[in-house]
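K.L.:
Dumping the structure here so I can ask a few things about it.
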Amino acid sequence: MAAPIVIIGAGQAAASFISRHVALGSEQPLLLVGEESHPPYQRPPLSKKYLLGELERERLFIRPLQWYADQAVELRFDTRIDKIDREHKQIVSSDGETIAYDKLLLCTGSSARALPDQIGGNLDGVFTLRSIVDIDRMAPEFQAGRKLLIVGGGYIGLEAAAVGRQLGLEVTLLEMADRILQRVAAAATSDYFRNLHCAHGVSLHESARLARLLNDGSKVCGAELESGEIIDADLVLVGIGSIPNIEIAQAAGLDCDNGISVSETCQTSDTHIYAAGDCSNFVRNGQHIRLESVQNAADQGDLIARVLAGEKVTYTALPWFWSDQYDCKLQIVGLNHGYDQTVLRPGASPSSQSVWYYRDQQLLAIDAMNEPKSYAFGRKIIEAGKHPTADQVADPATDLKALAMG
């Protein structure tokens, strides 16, 4: 019997690959190996509706379990792969099982960056947010009146802050940089979300460096800042970024650099091995980048299935992202890397606006807060390779639809 295509990692990229593989009518067998106890599931709702208790676990699943059985896709959960034997085209699980592959797809994702143990990162009551298990452990602690401390002012931390306030917790958020979202967004976007969270009662501390977490002998009870300030807490959520899961790829000798290095077809330095999603590092517009987004994982997984089916395609998808906080929907299109100018465009209401990013007068990306039209037409403008001037964008009288369609 022919060796299967083996997918390591049961996330969005894996689900997308399997769906396209099935849709293309390929008869080559598939084996999906995942460390968790669940089939591929949506991760964005974890920090929002699932944590709020508004979404049942089964509704997170991208496909029901029966669908995989109907498509003759073999699933192995609770299985960790420790080694790739490239010479013999085999993988070896932590319990010593050897599995042969024809092609291997690495969808190993990324792991939440933890606080060091020496400053209290391993205390009871300290959580990270990456998986269903994380939320299931954390959710019972989200009780009205309790004090939630969030370390990190990125999108994960801000989304969790919004959920905490909606559930009636007292929320304090620490960001060591000068402003929240500093690594990923312009000052105007940071200002918008700072004002939004402060209006909802979040105590937001920027330029706040954590010295250590405090404990009462059994669990976390607060934090001490380098300034000497003490902040009480009943629970702590750490949202300080992620680390790509590349250990087995590195051990196998695959090229890695902040992720598993891949070509424009998502092929690694081994012609029989591909990588997709958070764990992959690819080239876009001459830059090596690693993206953590549903869009990137889904599009790369889909592309690999098409490549293995013989299609001559390369990865050129336009990145997009989103975040839901309170009654605000943020939609982002493009990558703002290297921007040297931003333009703030007023929205249709006081709670809406968009931020347009430029480099050398070339439009790169857009953040749209409660501005679906700016997002939709801005996306068309970027896809068409058009570059409206900053003055045009800043003028609320400018017809974005005309710019997009003209």
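K.L.:
Go through (1) out of contact with any helix residue (DSSP H, G or I) (no Cβ under 7 Å at 6 or more places or on another chain); (2) more than 30 Å from Asp124 (Cβ to Cβ) one by one and return the number of the condition Ser218 breaks.
P.N.:
Result: Ser218 passes all but (2).
K.L.:
Do you know which of the residues in the range 345-375 that are farther than 15 Å from Leu335 by Cα and free of Cβ contacts under 8 Å to residues at least 24 places away in the same chain is nearest to the chain's Cα centre (by Cα)?
P.N.:
My answer is Ser352.
K.L.:
Right, here's the next one. Within the range 27-76, take every residue that is aromatic (Phe, Trp, Tyr) and under 20 Å from Asp278 (Cα atoms) and give me the one that is farthest from the chain's Cα centre (by Cα).
P.N.:
Going residue by residue through the range 27-76, those that are aromatic (Phe, Trp, Tyr) are 41, 50, 61, 67-68.
When the remaining residues are screened for being under 20 Å from Asp278 (Cα atoms), the result is 41, 61.
Working: Tyr41: 13, Phe61: 17 Å.
Ranking the qualifying residues of the range 27-76, first place goes to Phe61.
K.L.:
While we're here: Of all residues being assigned to a loop (DSSP other than H, G, I, E, B) and touching a strand residue (DSSP E or B) at 6+ places or on another chain (Cβ under 8 Å) in the range 195-222, which is nearest to Asp234 (Cα to Cα)? Just the residue, please.
P.N.:
Among those that are assigned to a loop (DSSP other than H, G, I, E, B) and touching a strand residue (DSSP E or B) at 6+ places or on another chain (Cβ under 8 Å), it is Val202.
K.L.:
Pick from the range 266-280 the residues that are in a loop (DSSP other than H, G, I, E, B) and either in contact with a Ser or Thr (Cβ under 9 Å, 6 or more places away or on another chain) or polar (S, T, N, Q) (or both): which of them is surrounded by the most Cβ atoms within 10 Å (Cβ to Cβ)?
P.N.:
The qualifying residue surrounded by the most Cβ atoms within 10 Å (Cβ to Cβ) is Ala276.
K.L.:
Right, Gln66: surrounded by fewer than 17 Cβ atoms within 10 Å (Cβ to Cβ), free of Cβ contacts under 8 Å to residues at least 24 places away in the same chain and not assigned by TED's automatic domain parsing to the domain that holds Ile135 or not?
P.N.:
Numbers: surrounded by fewer than 17 Cβ atoms within 10 Å (Cβ to Cβ): yes; free of Cβ contacts under 8 Å to residues at least 24 places away in the same chain: yes; not assigned by TED's automatic domain parsing to the domain that holds Ile135: yes.
Spelling it out, Gln66 is indeed surrounded by fewer than 17 Cβ atoms within 10 Å (Cβ to Cβ), free of Cβ contacts under 8 Å to residues at least 24 places away in the same chain and not assigned by TED's automatic domain parsing to the domain that holds Ile135.
K.L.:
So how many residues does the range 352-391 have that are surrounded by 16 or more Cβ atoms within 10 Å (Cβ to Cβ) and polar (S, T, N, Q)?
P.N.:
Final tally of qualifying residues: 5.
K.L.:
Between a residue in the range 394-406 that is on the phi > 0 side of the Ramachandran plot and any residue that is exposed (fewer than 13 other Cβ atoms within 10 Å of the Cβ), which pairs come within a Cβ distance under 6 Å, given they are 6 or more apart or on different chains?
P.N.:
none
A quick yes/no check of all residues on (1) touching a strand residue (DSSP E or B) at 6+ places or on another chain (Cβ under 6 Å); (2) among the acidic types (Asp, Glu); (3) assigned to a helix (DSSP H, G or I); (4) modelled with pLDDT of 95 or more:
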| site | (1), (2), (3), (4) |
| --- | --- |
| Ala298 | no, no, yes, yes |
| Phe321 | yes, no, no, yes |
| Lys329 | no, no, no, yes |
| Ser349 | no, no, no, no |
| Trp356 | yes, no, no, yes |
| Leu364 | yes, no, no, yes |
| Lys380 | no, no, yes, yes |
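K.L.:
A further question follows. May I ask you to list the residues in the range 179-194 that are in contact with a strand residue (DSSP E or B) (Cβ under 7 Å, 6 or more places away or on another chain) and not in a helix (DSSP H, G or I)?
P.N.:
Arg179, Ile180, Ala185, Ala186, listed by residue number.
The values are calculated or read from the model by the stated rules, or taken from the named source; none is laboratory data. Just so we're clear, the structure is a prediction, and the values are computed from it rather than from any experiment. All Cβ positions, even for glycine, are placed from backbone atoms using ideal geometry, and neighbour counts span all protein chains on display.
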